[in-house]
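The values are calculated or read from the model by the stated rules, or taken from the named source; none is laboratory data. Model, not experiment: these values are computed from the prediction. Because the Cβ atoms are built from the backbone with ideal geometry, glycine has one as well, and the counts that use them run over all protein chains shown.
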Amino acid sequence: MAFTAKDVQALREKTGVGMMDCKKALVECDGDMDKAIDFLREKGLASAAKKAGRIAAQGVIGVYNDAAASALVELNCETDFVSNNPEFKDLANQIAKTVVAVKPADLDALNAATIADGSVTVAEAIQELFLKIRENMKLRRFVLVEGTAISYIHGGGSVGVLVSFDTDAGDKAEFIEMGRNVAMQVAAMRPEYLKKSDISPEELEKLRSITVDSALNKPDSLPVPILKKLIDKACAEKRWSDEDISIYEEKKSNMKFLFNFLSKEAYALLAELAVAGKGEFIGEKIFNGMVEGRVSKQLKEICLLEQTFVRSDLFDGTVGGYIDSVAKNLGAKIEITGFTRYEKGEGIEKKEDNFADEVASMIG
């Protein structure tokens, strides 16, 4: 069956594949348009299989909200260029809409579901875009939140956040603005937990243990009475050099700048003595008070409701206090129940390109 340049153009418009590939497909399929489309899909599958091993650490976070539910998805690709492709971003958002519509149990179910506003599956939609872009793409993860949730997308899709609420003020502009501000807080400050009670006793103990070890290995951060004990021991046992002992004698009345003058060896010895005396120090009230203070500070950094609200121009206090103030102003019930923060490519080991090695491999 003969075909014309118009047929090639029509096939390109239907598939988005390059002109030369469209022409080859029509040649192979004797001008049959439907067979040519199938031919290109099969060819794309084979090409995608070859590229599946490439690291896809770039990508975009897609989002969809309606009155009943919300979703985030992470769709990965290989390069920033594709991450910024409007079709790629639209596909991610379309997949998020599919999550809300289908409520899939897992990624396999989502890939097999018919994509929202389309006639192909999610996996097929990703495959069709691959035919156009020719870059490895992977649907990595998704989250579905039913009920009231506020979303925020940062950096054109580099970070996506969903914050869920139990409230009777879901349609009020003040609530929506507050929810977006809290979502922006999550995006910027990366909390790990909603509140302190969400942290298990085992995790709290691990945090405390790390804090103890960190303090002992950084002697200049120890309380002065403990630090002086360590220094007295180092001097009495002649484990410091005469020069370091002389520096200490000169600076001990005001130890604020002592460590600017001591040798690295003297500092390292103090850390060694501190670690060796761990059993003694953890029984001291002053040391435990320091540790508990540092743990408390860390909890305020990793628990969303205890974080200092970054928009101090709107509210001076914690995130929890900000939410309560909006609830009071509205005379409404507002309780935050959870949050999800996705950042594209987080946790994916990225390939470190070596240009010299790449050139050498090409000419070797």
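Given the condition in contact with a Cys (Cβ under 9 Å, 6 or more places away or on another chain), in contact (Cβ under 8 Å) with a residue 24 or more places away in the chain and within 23 Å of Ala57 (Cα to Cα), answer yes or no: does some residue in segment 86-103 qualify? Within segment 86-103 (the criterion being in contact with a Cys (Cβ under 9 Å, 6 or more places away or on another chain), in contact (Cβ under 8 Å) with a residue 24 or more places away in the chain and within 23 Å of Ala57 (Cα to Cα)), the answer is yes, since at least one residue qualifies.
In summary, helices (runs of 4 or more DSSP H) completely within segment 191-260 and bearing 3 or more residues that are under 16 Å from Ala271 (Cα atoms) and touching a residue at least 60 places away in the same chain (Cβ under 8 Å) occur at 201-216. Phe130 fulfils the conditions (1) within 30 Å of Phe39 (Cβ to Cβ); (2) in contact with a Leu (Cβ under 8 Å, 6 or more places away or on another chain); (3) of a type in the set (A, V, I, L, M, F, W, C) except for a single criterion, (2). Exactly one residue among Ile247, Ile302, Ile323, Ile226 is touching a Lys or Arg at 6+ places or on another chain (Cβ under 9 Å) and either buried (at least 16 other Cβ atoms within 10 Å of the Cβ) or of a type in the set (A, V, I, L, M, F, W, C) (or both), and that residue is Ile302.
Being free of Cβ contacts under 8 Å to residues at least 12 places away in the same chain and farther than 22 Å from Phe175 by Cβ holds for only one residue in Lys297, Lys278, and it is Lys297. A count restricted to segment 165-187 and to residues that are modelled with pLDDT under 95 and surrounded by 16 or more Cβ atoms within 10 Å (Cβ to Cβ) stands at 2. Taking each residue of segment 325-345 that is more than 10 Å from Ser164 (Cα to Cα) and assigned to a strand (DSSP E or B) and looking for partners that are at pLDDT below 95 and aliphatic (A, V, I, L, M) with beta-carbon atoms closer than 8 Å, six or more apart or interchain, yields Ile334/Ala169. Being at pLDDT below 95, surrounded by fewer than 14 Cβ atoms within 10 Å (Cβ to Cβ) and among the basic types (Lys, Arg): is that true of Lys256 here? For Lys256, the condition - at pLDDT below 95, surrounded by fewer than 14 Cβ atoms within 10 Å (Cβ to Cβ) and among the basic types (Lys, Arg) - is met. Selection over segment 124-149 of residues that are touching a helix residue (DSSP H, G or I) at 6+ places or on another chain (Cβ under 6 Å) and assigned to a strand (DSSP E or B) gives a count of 2.
Every residue in segment 152-165 that is part of a strand (DSSP E or B) and farther than 13 Å from Phe339 by Cβ, please. Within segment 152-165, Ile153, His154 qualify.
Would you be able to say whether some residue in segment 103-123 is within 22 Å of the chain's Cα centre (by Cα), part of a strand (DSSP E or B) and charged (D, E, K, R)? Scanning segment 103-123 turns up no residue that is within 22 Å of the chain's Cα centre (by Cα), part of a strand (DSSP E or B) and charged (D, E, K, R).
Residue-by-condition table, conditions (1) modelled with pLDDT of 70 or more; (2) more than 20 Å from Asn111 (Cβ to Cβ); (3) among the charged types (D, E, K, R); (4) not in a helix (DSSP H, G or I):
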| site | (1), (2), (3), (4) |
| --- | --- |
| Leu11 | yes, yes, no, no |
| Arg41 | no, no, yes, no |
| Val60 | yes, no, no, yes |
| Tyr64 | yes, no, no, yes |
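Answer with yes or no whether Gly147 is in contact (Cβ under 8 Å) with a residue 12 or more places away in the chain and at positive phi. It is true that Gly147 is in contact (Cβ under 8 Å) with a residue 12 or more places away in the chain and at positive phi. Scanning segment 17-33 for residues that are in a helix (DSSP H, G or I), at pLDDT 80 or above, among the hydrophobic types (A, V, I, L, M, F, W, C) and closer than 30 Å to Ile153 by Cβ turns up nothing. Only one of the listed residues (Ser70, Ser83, Ser119) is over 17 Å from Lys344 (Cα atoms), crowded, with 21+ Cβ neighbours inside 10 Å and polar (S, T, N, Q). That residue is Ser70. In segment 86-116, which residues are of a type in the set (Lys, Arg) and either more than 24 Å from Gly345 (Cβ to Cβ) or touching a Leu at 6+ places or on another chain (Cβ under 7 Å) (or both)? Correct list: Lys103 only.
Take the conditions (1) of a type in the set (Val, Ile, Thr); (2) over 39 Å from the mean Cα position of the chain (by Cα); (3) closer than 26 Å to Gly293 by Cβ; Val275 misses just one of them, which is (2). In the set (1) in contact with a helix residue (DSSP H, G or I) (Cβ under 6 Å, 6 or more places away or on another chain); (2) without any contact (Cβ under 8 Å) to a residue 24 or more places away in the chain, the condition left unmet by Gln307 is number (2).
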